[in-house]
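The values are calculated or read from the model by the stated rules, or taken from the named source; none is laboratory data. All values derive from a computational prediction rather than experimental measurement. FYI the Cβ positions are ideal-geometry reconstructions off the backbone, even for glycines, and counts take in every protein chain you see. Accessible surface is based on the protein model in full, side chains and every heavy atom, while ligands, DNA and RNA are left aside. Shrake-Rupley method; radii C 1.70, N 1.55, O 1.52, S 1.80 Å.
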Amino acid sequence: MCLCMWVRAMVVYDKVAKGIEPKKAALKEAEDQLAVTMKELGVKKSALQEVLDRVAGLQKLLADTIQKKADLEAQAERAKMQLVRAGQLLGGLGGEKVRWQSSASQLKDALVNLVGDMCLAAGCLAYLGPFTSQFRARIVGKWVQACKGLGIPCGDFTLLNALAEPVVLRGWQIDGLPADDFSCENGLLTTMGRRWPLMIDPQGQANRWVRNMYASKNLQIIKLTEKEFLRTLENGIRYGAPVLLENVGQELDPSLEPVLLKQVFKRAGQMLLRLGDTDVPYSEEFKFLITTKLANPHYMPEVCIKVTVINFTVTMKGLEDQLLVDVIKNERPDLEERKDKLVVSIASDQRQLLEIEEQILSMLANASGNILDDEVPTMHSHLYLGASDAPPTFPFPFPQPAPLHRSSSMPLPAPRPPRLPLTAA
């Protein structure tokens, strides 16, 4: 039985072995062929990877080239804008070179004389208000000689040259301030003094000037004879409105002393001034001006130390200028009208020129890197930059008035022909 099973198993094994052997050979052949194929596949994959790498490199090169093109286009556009701005700056500011060089030279000289000039200007503001123009000139001359004798550098000093701005003077003249040097000096003393001004104004010129100058700032006008003048003054102090006290005598109301002495104190972070029995919030915009119509008042020292007394009495020179203006108005009203228009136009142009210069200096001071990268706001000005290469012209032919004397540049009208005497028929 066991032998039979062994023989049977050998027969089955023989059949199976004979069937498997070809398959093993086929498998071996297939594996060899697969190895060759996989080797070829590896070669193809390596070639494909090289191609993909080349494609990726080309795509990166394309992206870099496109970006470089965009950068070059932006750079070209920026260079074009810089070229336009540079042309506008050179064309608009080229004419200012001579004037700016002259201004720089003047400022350099003024810097040397700054100490002496400011000392003299401080003395003028503190002491020369009550005096006439001739006495002021004589005192200033002595002060200049004293400074030079002490070795303090100072130039040919005048208060107007030291402190005045032509644009501001033009504005004052438009508001009604006479254009003679004496009145312009009085304007400086009124606006720059540390004490409130008391203006001796018998002709009312200072009063009219103050009314016009502060008309747009809610000017409050009071008199000591009014019952509610302290209430109006309190509102001016509280809300920062200018207050004009008119027609005072040789003595001032004692209730005004805290205002005149500027007795301001700070409480809980707020500036206050005690007026009467009330603590009033003090505004930095508040201004207090006093006028009197007395021609030759005599103020006691205790009044003079509280205010800046300023003599606005009309001088002979001022009367001559005003008389000339009246003659021109009567003889040639068209000429006076043209002159008034020209004064307003020049004042406006000078104000715009000053604003443009300040913008240019601010731009240069705050510029980081190339100044041509920033948009220049003054390039849009139709007066000076980019509008025309020619200098600005005025709408009518008329000579420009002198900077200080309003009527010194006005031509006199032709004299009338002499009248023939009447003869009896």
Worksheet item: If you average the sequence gap of Cα pairs under 8 Å that are 6 or more apart and divide by the length of region 181-310, what percent do you get for the contact order?
Response: 38
Item to complete: Starting from the amide H of Thr308, placed 1.01 Å from N in the peptide plane, find each other amide H under 5 Å away whose residue is 5 or more places distant or on another chain.
Response: Trp196, Leu198
Item to complete: Can you bin region 290-366 into rounded, prolate or oblate? Criterion: square roots of the alpha carbon gyration tensor eigenvalues sorted a ≥ b ≥ c, rounded for a/c under 1.5, prolate for a/b above b/c, oblate for the rest.
Response: oblate
Worksheet item: Of Lys266/Lys306; Lys262/Lys293; Lys108/Lys339; Lys97/Lys341; Lys45/Lys68, which sit over 27 Å apart, Cα to Cα?
Response: Lys108/Lys339; Lys97/Lys341; Lys45/Lys68
Fill in: Student exercise, the chain dipole from Lys, Arg, Asp, Glu Cβ charges, in Debye to nearest 20
920
Response to the item:
For the chain, dividing by residue count, accessible area per residue (probe 1.4 Å) in Å² works out to 65
Worksheet item: Points 7 angstrom from Cα along the Cβ direction at Met10 and Ser345: gap in nanometres?
Response: 13.9
Response to the item:
Spelling it out for Phe131: with amide H atoms placed in the peptide plane at 1.01 Å from N, the residues 5 or more places away or on another chain with amide H under 5 Å from its amide H are Asn311
Item to complete: Could you tell me whether the chain comes out rounded, prolate or oblate from its Cα gyration tensor? Rule is a ≥ b ≥ c as square roots of the eigenvalues, rounded for a/c under 1.5, then prolate if a/b exceeds b/c, otherwise oblate.
Response: prolate
Worksheet entry | Amide H partners (placed H, <5 Å) of Phe288, local residues excluded | Val243
Fill in: For the chain, calculated [θ]222 nm from helices alone, where every DSSP H run of n ≥ 4 adds -39500 (n - 2.57)
-19500 deg cm²/dmol
Discussion item. Connecting C-alpha atoms closer than 10 Å in a GNM of the chain, tell me which of Val314, Val55, Val325 has the biggest fluctuation.
Written reply: Val55
Discussion item. If you take every DSSP beta bridge fully contained in the chain, what fraction is antiparallel? Give it as a percent rounded to 5.
Written reply: 35
Response to the item:
Sequence order, region 336-345: Karplus ³J(HN,Hα) from phi using 6.51 cos²θ - 1.76 cosθ + 1.60, θ = phi - 60°, Hz rounded, Gly and Pro as x, gives 5, 5, 4, 5, 4, 5, 5, 4, 5, 5
Fill in: From phi via Karplus (6.51, -1.76, 1.60), per-residue ³J(HN,Hα) for region 288-302 in Hz, x at Gly/Pro
10, 10, 10, 10, 9, 8, 5, 6, 9, x, 10, 8, 5, x, 5
Worksheet, complete the sentence: Magnitude of the Cβ-charge dipole (Lys and Arg +1, Asp and Glu -1) of region 42-183 about the Cα centre, nearest 20 debye, reported as 580
Fill in: Relative contact order (%) - the chain, alpha-carbon pairs under 8 angstrom, separation at least six
17
Worksheet entry | Global geometry of region 246-347, whether rounded, prolate or oblate, following the gyration tensor of its Cα atoms and the 1.5 cut on a/c | oblate
Worksheet entry | Ala17-Gln49 FRET efficiency (beta carbon distance; Förster radius 41 Å; 0.05 resolution) | 0.35
Response to the item:
With x for Gly and Pro, the residue-by-residue ³J(HN,Hα) of region 325-334, computed from phi through the Karplus equation 6.51 cos²θ - 1.76 cosθ + 1.60 at θ = phi - 60° and given in whole Hz, is 4, 5, 4, 5, 4, 7, 7, 9, x, 5
Practice prompt. Kindly express, to the nearest 10 degrees and within the range 0 to 90, the angle between helix 2-93's C-alpha long axis and the longest C-alpha principal axis of the chain.
Written response: 20
Worksheet item: Between region 9-86 and region 164-235, what's the alpha-carbon centroid distance in Å?
Response: 92
